[in-house]
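Written out below as structure tokens is the structure these notes cover.
The values are calculated or read from the model by the stated rules, or taken from the named source; none is laboratory data. A quick note: this is a predicted structure, and the numbers were derived from the prediction, not measured. Cβ sites come from the backbone with ideal geometry, for glycine too, and all protein chains shown count toward neighbours.
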Amino acid sequence: MSSDTVKVDFHGLLGRFELNAQFEVPARGVTALFGPSGCGKTTMIRCIAGLNHMNGSCSVTGDVWQDDRHFRPAHRRPIGYVFQEANLFPHLSVRRNLMYGHPRTSEPSAIGFGEVVTLLGIEKLLERSPRHLSGGERQRVAIGRALLSQPKLLLMDEPLSALDQTTKDEILPYLERLHETLKLPILYISHDMAEVERLADQLVLMRAGRVLAAGALRDLQADLSLPLALSRDAAISLDATVIAQDAADGMATLEVSGGSFLLPAEPLRIGDRRRLRVEADDVSLARERPSKSTIVNVLPARILSIRSQSDHRVTALLGLGSDGTGAKLLSRVTERSWKELALEPGLDVFAQVKGVALVRREEPAA
Amino acid sequence: MTLSADIWQPIRLTLELAATTTVILLIVGTPISWWLVRSRRWWKEAIAALVAIPLVLPPTVLGFYLLVALGPSGPGGLLAPLWGARTLAFTFPGLVIGSVLFSMPFVVQPIRNAFEAMGERPMEAAATLRASPWRAFWTVAVPLASPGFLTGAILGFAHTVGEFGVVLMIGGNIPGKTQVLSVAIYDYVENSQWTEASVLALGMVAFAFCVILAMMLIEKKMVRAAS
């Protein structure tokens, strides 16, 4: 297992901050480090980069970067690092910034200059000075610079947090393309759940210098013992396949394990993989299939477990399908209706899904 | 009005001394500045204070100690035989040593400020791009701190040109060997050679004006570059 994972174990004090955090995640796709500000995400990622030195160990795809006896300095670790602020070299042009970490040896590099420039849409900026770029352009150049150093692991420390919403929306598609096109594991720090739901495959949940849980995004979203499932906008991300497309009324059918969703969407190709997001507040429960309703998505499901909340509401974990073994959903209902319908774990119900959102293109099945 | 022909001798000597001193100070001052910025040792401020001491010390005090140190019975007396001299006092190398120590803060301070203003981020970014500390220093830190180097060089040069007390103490006043401009002016006045004295003095005023003007222009450029 450890030969294709990112395995991290840090403990100790840095200044007055105490970190005691371990996790192991697959070295593929996007792993989001998620938690409130000041929970140690940045310290963690800086330790992985070798910019900070804290007791512990760190190995990436079987390569030991740090253990009790060894500490490999930052410049010998095959990483790419994207800082919160772009941190471009102001005395170099965009092109020379991009080339700064590019290996000089002319072996056919995995990530080519032209490829990166096109991917990030920075063709027109190459001869400019970083001083004359907008915040979004700067961050794109910083991402390109990190990619061209041919990293084996890309570390991104809230690369969007210093940007306004418009600029964020401008960069997110590039990050998604990155995720689709390059087989490069990414560790991505964020305190914005919407960003995580859009980009991440795995999640490392942090709180006050500790790791609460690490695993696949949808597993952690569905874990009722974690704060995520109880938060105000708790939701589940589902990876779905397009199985039908009705051009006449603009609806597409997307299949997940144990059920399918019908939703209005731009024309999609059959077989495409997309990510859906279903909020707990948008899922209500019925004991019988409603006969007449404007809600188009009514799916058979089984109540797997529940958790009561302090605000007289109940969050239930559902398994789709008549036997409850399909994809998981969260449903949030009031305690009162819960009692009126005599709902309980193990019961077969119908999940009425009021809203489904398409969040991003899913990478082609590996 | 006739100027005495050897008026050029102190000018040439002064320029030679200032140029040598500046070059040595850039070579010695850069690692010191870098260390002062990057080191986390508690006693680094003590070293910084030591470097800055000439700012407040009467030049004659430093000159006195240097005279003792460079003289035949000090460490200078051990070094001097290497090139066949008996002592470093009252020699050009002695003047250079004195000027280097005395002008050190004027070079170290601007370079240190420039390194500090740069922050750690550019060096970290370079490290994450696989640049060794050595490569990062030359390709990132030095270019980013270049206004500091320019300021330091100008100040070091100008301060060495204007020095009087230290050179008088350890160099004496030997025409062609250790008699620099500021001492020469003093000498001319003593001997009532007012013409020579005023020519040199006026030259020094013009020089000082140019230096200050250059400094202000560099500073203005730095502010513009930073924004």
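Laid out as a table, the results:
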{"read-out": "Given (1) hydrophobic (A, V, I, L, M, F, W, C); (2) assigned to a helix (DSSP H, G or I); (3) within 14 Å of chain A (Cβ to nearest Cβ), index of the condition B:Leu66 fails", "value": "(3)"}
{"read-out": "Pick from segment A:256-307, criterion acidic (Asp, Glu) and at pLDDT 90 or above, ranking: nearest to A:Arg198 (Cα to Cα)", "value": "A:Glu279"}
{"read-out": "Residue match in segment A:73-89 (condition: in a loop (DSSP other than H, G, I, E, B), more than 25 Å from the chain's Cα centre (by Cα) and crowded, with 19+ Cβ neighbours inside 10 Å)", "value": "yes"}
{"read-out": "Qualifying residue in segment A:169-188 (condition: assigned to a loop (DSSP other than H, G, I, E, B), of a type in the set (Ser, Thr, Tyr) and more than 14 Å from every other protein chain (Cβ to nearest Cβ))", "value": "no"}
{"read-out": "Only listed residue being surrounded by fewer than 18 Cβ atoms within 10 Å (Cβ to Cβ) and touching a Lys or Arg at 6+ places or on another chain (Cβ under 9 Å), chosen from A:Asp68, A:Asp63", "value": "A:Asp63"}
{"read-out": "Search result, residues across segment B:19-49 that are over 14 Å from B:His159 (Cα atoms) and polar (S, T, N, Q)", "value": "B:Thr30, B:Ser33, B:Ser39"}
{"read-out": "Matching option when the condition is over 13 Å from A:Lys152 (Cβ atoms), surrounded by fewer than 16 Cβ atoms within 10 Å (Cβ to Cβ), among the hydrophobic types (A, V, I, L, M, F, W, C) and in the same structural domain as A:Ser129 (by TED's automatic domain parsing), among A:Leu13, A:Leu33", "value": "A:Leu13"}
{"read-out": "Scan of segment A:55-72 for residues that are part of a loop (DSSP other than H, G, I, E, B) and either over 27 Å from the mean Cα position of the chain (by Cα) or β-branched (Val, Ile, Thr) (or both), ordered by number", "value": "A:Asn55, A:Thr61, A:Asp67, A:Asp68, A:Arg69, A:His70, A:Arg72"}
{"read-out": "Condition met for A:Leu88 (under 21 Å from A:Leu163 (Cα atoms) and more than 11 Å from every other protein chain (Cβ to nearest Cβ))", "value": "no"}
{"read-out": "Some residue of segment B:159-173 being more than 14 Å from chain A (Cβ to nearest Cβ) and either closer than 30 Å to A:Leu98 by Cα or of a type in the set (S, T, N, Q) (or both)", "value": "yes"}
{"read-out": "Test: A:Arg46 is among the basic types (Lys, Arg), within 14 Å of chain B (Cβ to nearest Cβ) and either out of contact with any Pro (no Cβ under 6 Å at 6 or more places or on another chain) or without any contact (Cβ under 8 Å) to a residue 12 or more places away in the chain (or both)", "value": "yes"}
{"read-out": "Long-range neighbours under 6 Å by Cβ, at least six apart or interchain, first residue modelled with pLDDT under 85 within segment A:224-248, second in a strand (DSSP E or B) and not aliphatic (A, V, I, L, M)", "value": "none"}
{"read-out": "Wholly enclosed helices (runs of 4 or more DSSP H) of segment B:90-190 bearing at least 1 residues of a type in the set (Lys, Arg) and under 30 Å from A:Asn52 (Cβ atoms)", "value": "B:92-118, B:121-128, B:133-136"}
{"read-out": "Filter pass, A:Leu212 being over 13 Å from the mean Cα position of the chain (by Cα), closer than 25 Å to A:Leu119 by Cβ and buried (at least 17 other Cβ atoms within 10 Å of the Cβ)", "value": "no"}
{"read-out": "Criterion violated by B:Phe164 - all others in (1) touching a Phe, Trp or Tyr at 6+ places or on another chain (Cβ under 8 Å); (2) surrounded by 18 or more Cβ atoms within 10 Å (Cβ to Cβ) satisfied", "value": "(2)"}
{"read-out": "Close pairs from segment B:127-154: first touching a residue at least 60 places away in the same chain (Cβ under 8 Å) and more than 8 Å from chain A (Cβ to nearest Cβ), partner surrounded by fewer than 20 Cβ atoms within 10 Å (Cβ to Cβ) and β-branched (Val, Ile, Thr), Cβ under 7 Å, at least 6 apart", "value": "B:Pro147/B:Ile218; B:Leu150/B:Ile218; B:Thr151/B:Ile218; B:Ile154/B:Val211"}
{"read-out": "Pair list, Cβ < 9 Å and 6+ apart or interchain, from segment A:61-81 residues that are under 15 Å from A:Leu153 (Cα atoms) and more than 8 Å from every other protein chain (Cβ to nearest Cβ) to residues that are surrounded by fewer than 13 Cβ atoms within 10 Å (Cβ to Cβ) and of a type in the set (Asp, Glu)", "value": "A:Thr61/A:Asp4; A:Gly62/A:Asp4"}
{"read-out": "Tally of residues being in a helix (DSSP H, G or I), in contact with a Phe, Trp or Tyr (Cβ under 9 Å, 6 or more places away or on another chain) and within 24 Å of A:Gln202 (Cα to Cα) across segment A:145-168", "value": "1"}
{"read-out": "Residue check for A:Met99: within 12 Å of chain B (Cβ to nearest Cβ), farther than 21 Å from A:Ile48 by Cα and modelled with pLDDT under 95", "value": "yes"}
